[in-house]
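K.L.:
Quick one: structure below, then a few questions.
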Amino acid sequence: IPLVAGILQIILTLLGGLSVSLLLSFSFPEALAIGAMIALSSTACVVRMLNDRAELDAPHGRTALGILLVQDMAVIPLMLIITALVGKGSAGEIAIQLSISFLLAVVFVAVFYGLFNFILPRLLELSSLRRNRDFPILLAMVMAAGSAWAAHRLGLSPALGAFVAGVLLAISPFATQIRADVQPLKTVLVTLFFAAVGMFGDLSWAVQHLGLVFAVVAAIITGKLLITFGAAWFCGQPWQFALGTGLCLAQVGEFSFVLATVARGTADAPGILSETTFRLIISSTIASLLLTAAAWAVAIL
């Protein structure tokens, strides 16, 4: 259920965001970027709230977690698509750039998979390194930074490189020790991440365009709830649990900030997302996260 429902949810939400954006006279690349951003939900928020309510093993919790994992995997192709669109050009040039980026990403993942699972474990078997508890965590930090740098050098997003490093570290033979070592800092790092995300927001702009932000947030939450509910119910989940899954995943996720930053481009190389659209998406994403947390808080009370 989570695999098929997750794929359906991503595709239908992306197409829904794309269609509505095109109807509102956005360009196709910008509309596609908007659809990709709203297709993702917040793994950090949902897992934390399900864990606090002891609902990770509930039917809707399992399905929500499975769909979130599918969404996390979808970040890689979505990032490649947006990166190719930022390069601009004709449809043929974008297709060629996307193909090259995909091949580079496959080679990149394969090389780092071999490095993480075959070379580094042999290095860690050395007696002098086995006794050093600090070495694995330092190695993980170097590999994460190195992966981001390598992705940048290949013309891919550094965020994509860091994400791939995290996934590969999680399935590597020394993942358990790294996870145990960083556990005390987990809350601090998540807090730092969301603090950095919050700095993207522009409160004065959101207040000036409060009606527009509320309309977009309402459309996103309603649309994602109905799409996720429909996908889970279509895949065989009872309607009560499908509705719970839809409520869990109705917000926009933290990876959307990464996609928005890539789509926005830089001052020297503008991307496909206008400044107004960027601020609207960022404001709507932050509002949807806050509303999700508030709704769960009310549910707990």
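The values are calculated or read from the model by the stated rules, or taken from the named source; none is laboratory data. Note that the structure is a prediction, hence the values are computed from the model and not measured. Every residue, glycine among them, receives a Cβ derived from its backbone with ideal geometry; neighbour counts consider all protein chains shown. Side chains are part of the model used for accessible areas, which takes the heavy atoms of the whole protein and leaves out ligands, DNA and RNA. Shrake-Rupley method; radii C 1.70, N 1.55, O 1.52, S 1.80 Å.
K.L.:
Go ahead and collect, in residue order, the members of the range 169-189 whose backbone nitrogen is under 14 Å from a label point 7 Å along the Cα-Cβ direction of N51.
P.N.:
Backbone N within reach: 179-189.
K.L.:
Continuing with this model, one more query. Using a basic spin-label model with each label point 7 Å from the Cα along Cα→Cβ, how many nm lie between E275 and M141?
P.N.:
3.7
K.L.:
Another question, if that's okay. Would you list W149, W205 from the most to the least accessible area, probe 1.4 Å?
P.N.:
W149, W205
K.L.:
Assuming 0.36 nm per residue, please report the length gained on full extension of the stretch L291 to V188 beyond their Cα-Cα distance.
P.N.:
34.9 nm
K.L.:
Cα extents of the chain along the three principal axes, largest first, in whole Å?
P.N.:
The Cα atoms of the chain stretch 62, 51, 40 Å along their principal axes.
K.L.:
What length, rounded to one decimal in nm, is gained on full extension from Q240 through to T222, with 0.36 nm per residue of separation minus their alpha-carbon distance?
P.N.:
4.8 nm
K.L.:
Roughly speaking, what is the stretch gain from V207 to V106, that is 0.36 nm per residue apart minus the C-alpha to C-alpha distance, in nm to one decimal?
P.N.:
Length gained between V207 and V106: 32.0 nm.
K.L.:
Say each of L15 and L69 gets a label point 7 Å from the Cα, pointing the same way as Cα to Cβ; how far apart are those two points in nm?
P.N.:
Here the answer is 2.6 nm between the modelled labels.
K.L.:
Once the Cα gyration tensor of the range 174-249 is found, what semi-axes does its equivalent ellipsoid get, as square roots of 5 times the eigenvalues, in whole Å, sorted largest first?
P.N.:
Semi-axes from the Cα gyration tensor: 30, 28, 7 Å.
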